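The values are calculated or read from the model by the stated rules, or taken from the named source; none is laboratory data. Because the structure is a prediction, the values reported are computed rather than measured. Cβ: placed from backbone, ideal geometry, glycine included. Neighbour counts: every protein chain shown.
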Amino acid sequence: MRPRIYLDNAATTPLDPRVAELMKDVMDRCFGNPSSTHAFGREARTVVERARKSIAEWLGVAPGEIIFTSGGTEADNMALRTCVRSGDIRHIVTSPVEHHAVLHTVEELAQRDRIKLTLLPVDSEGRPDLKALEKVLQTSGERTLVSLMHANNELGTMIDLEEVGHLVHHYGACFHSDTVQTIGHYSLNLHRLPIDYACASAHKFHGPKGVGFLYLRGELAHRGPLLTGGSQERNMRAGTENVYGIAGMAKALELAMSEREHHERHVRGLKNLAIRLIKQHIPDAEFNGDISENSLYTVLNVLLPEFPDADMLLFRLDIEGLAVSGGSACSSGSLKGSHVIEALGKPAGRPAVRISFSRMNTASEVEQAVLLLKKVVHLKNQPQAL
């Protein structure tokens, strides 16, 4: 049986064995509730607060500005919903290529809470139109929140957080960015950036699933909790903290950031190799989004030529032993095409695959993946040696 190749790291990354080892140690010795005042609880509270301090130091923020959540989706929801619930925000500006954790949330807020919702146009690479954004901010008569993701999870196209944030703040608006695909992969000092809310999910940088965090600039904490029932997380998120997950997330971020430059060179090399080989072996293929050195180095979206049974592409690749995605993993199983690709105005009928890389992938895997992709789109009946 041939080994399987995993190139769907934008959906989730393998757990780093060093993270698993730390989590096992915490599970074995620390079972107390971190809200309890006895020694068992204090021990658990120490684990949580040390993790919070470590994460805050890597991001250049205060520990009190890190709120632990169940992941990026909850963090996005917390930022958006608490802004509206507080009565402070009555207008949200975003783009049609955002993750559904943002798009579905703002659509519901627009319908249920009757806030004004503006979707910015995007260019052919999925980048929001900043001139259009400025016009909206100039004419908005209500307190506004702008939500634009740092790096698109399907395309790899990135925005300049500093440029966008300064524009947003110039007009007195708040800036939220879904940074789930970039925290752990880029060196971000959030205090130095003009950003009010940022989100992270541990399993995107070789940490455990089911845990993440929201960064919120200190003065925004008064907007109140998303979940009620207890005073955990500075009264921002009720519920007993996921002690083992939080410890694992802090360790994963420490490893990701301390080894970042080495891993970035490796992963960027894999992406560039994939681009070169796809151009060579599938010349009719195109690339969705930005593929320059300024793009997210972990993601590559390929628009394939039309071929019979294209709707079975991912299934057939899986049979061949290659795991990739047709878009966001959150849409797996859906018969509807990617809302991101649709927003780019690409012609219908051509299938797209998202290939996403991690530090645990090899050049050999990328080479074999391209040959399998070539085989499945029927350019050749059998893969050939490179």
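Among the residues of the range 58-82, what is the count of those that are under 21 Å from the mean Cα position of the chain (by Cα) and either exposed (fewer than 15 other Cβ atoms within 10 Å of the Cβ) or among the hydrophobic types (A, V, I, L, M, F, W, C) (or both)? Result for the range 58-82: 11. Looking at the range 330-386, which of the residues that are in contact with a His (Cβ under 6 Å, 6 or more places away or on another chain) and within 17 Å of R316 (Cα to Cα) is modelled with the lowest pLDDT? Here the residue is K374.
Just a yes or no: is a residue in the range 132-153 outside the structural domain of G326 (by TED's automatic domain parsing), under 30 Å from R354 (Cα atoms) and among the charged types (D, E, K, R)? There is no residue in the range 132-153 that is outside the structural domain of G326 (by TED's automatic domain parsing), under 30 Å from R354 (Cα atoms) and among the charged types (D, E, K, R).
When L109, L155, L103 are checked against the criterion of being at pLDDT 95 or above and over 17 Å from the mean Cα position of the chain (by Cα), a single residue qualifies: L109. From the list A51, A62, the one residue that fits, being under 30 Å from P194 (Cβ atoms), in contact with a Gly (Cβ under 7 Å, 6 or more places away or on another chain) and either hydrophobic (A, V, I, L, M, F, W, C) or not assigned by TED's automatic domain parsing to the domain that holds L253 (or both), is A62. Of the residues examined, T73 is not one that is in a helix (DSSP H, G or I) and at pLDDT below 95. The residue list L253, L226, L313 contains one member that is under 17 Å from L372 (Cβ atoms), crowded, with 18+ Cβ neighbours inside 10 Å and not β-branched (V, I, T), which is L313. When G41 is tested against (1) over 22 Å from Q181 (Cα atoms); (2) in contact (Cβ under 8 Å) with a residue 12 or more places away in the chain; (3) surrounded by 14 or more Cβ atoms within 10 Å (Cβ to Cβ), just one condition goes unmet, and that condition is (2). Residues of the range 92-122 that are farther than 18 Å from D178 by Cβ and in contact with an Asp or Glu (Cβ under 7 Å, 6 or more places away or on another chain): K116, P121. Is there a residue being modelled with pLDDT of 95 or more, among the aromatic types (F, W, Y) and more than 26 Å from V84 (Cβ to Cβ) anywhere in the range 215-224? No - not one qualifying residue is present in the range 215-224. Within the range 1-48, restricting attention to residues that are among the aromatic types (F, W, Y) and not in a loop (DSSP other than H, G, I, E, B), the residue that is nearest to L317 (Cα to Cα) is Y6. Yes or no: the range 110-123 includes at least one residue that is under 28 Å from D8 (Cβ atoms) and either touching a residue at least 60 places away in the same chain (Cβ under 8 Å) or not aliphatic (A, V, I, L, M) (or both). Yes, some residue in the range 110-123 is under 28 Å from D8 (Cβ atoms) and either touching a residue at least 60 places away in the same chain (Cβ under 8 Å) or not aliphatic (A, V, I, L, M) (or both).
Quick check, is H104 out of contact with any Leu (no Cβ under 8 Å at 6 or more places or on another chain), in contact (Cβ under 8 Å) with a residue 60 or more places away in the chain, surrounded by fewer than 20 Cβ atoms within 10 Å (Cβ to Cβ) and of a type outside the set (G, A, S)? Break it down into steps so the answer makes sense when it comes.
Details: out of contact with any Leu (no Cβ under 8 Å at 6 or more places or on another chain): yes; in contact (Cβ under 8 Å) with a residue 60 or more places away in the chain: no; surrounded by fewer than 20 Cβ atoms within 10 Å (Cβ to Cβ): yes; of a type outside the set (G, A, S): yes.
No, not satisfied.
Would you call V19 surrounded by 14 or more Cβ atoms within 10 Å (Cβ to Cβ), in contact (Cβ under 8 Å) with a residue 24 or more places away in the chain and closer than 18 Å to G239 by Cα? Quick ask: steps written out before the conclusion?
Values: surrounded by 14 or more Cβ atoms within 10 Å (Cβ to Cβ): yes; in contact (Cβ under 8 Å) with a residue 24 or more places away in the chain: yes; closer than 18 Å to G239 by Cα: no.
Here the answer is no, as V19 does not meet what is asked.
Listed by first and then second residue, the pairs with beta-carbon distance under 8 Å, at least 6 apart or on different chains, first residue in the range 181-192 and among the hydrophobic types (A, V, I, L, M, F, W, C) and surrounded by 15 or more Cβ atoms within 10 Å (Cβ to Cβ), second modelled with pLDDT of 95 or more and in a strand (DSSP E or B), are I183/A198; I183/C199; I183/A200; L188/A198; L190/A198; L190/Y215.
Quick check, is D196 buried (at least 21 other Cβ atoms within 10 Å of the Cβ) and within 30 Å of E57 (Cα to Cα)? Break it down into steps so the answer makes sense when it comes.
Working: buried (at least 21 other Cβ atoms within 10 Å of the Cβ): yes; within 30 Å of E57 (Cα to Cα): yes.
Against the criterion (buried (at least 21 other Cβ atoms within 10 Å of the Cβ) and within 30 Å of E57 (Cα to Cα)), D196 qualifies.
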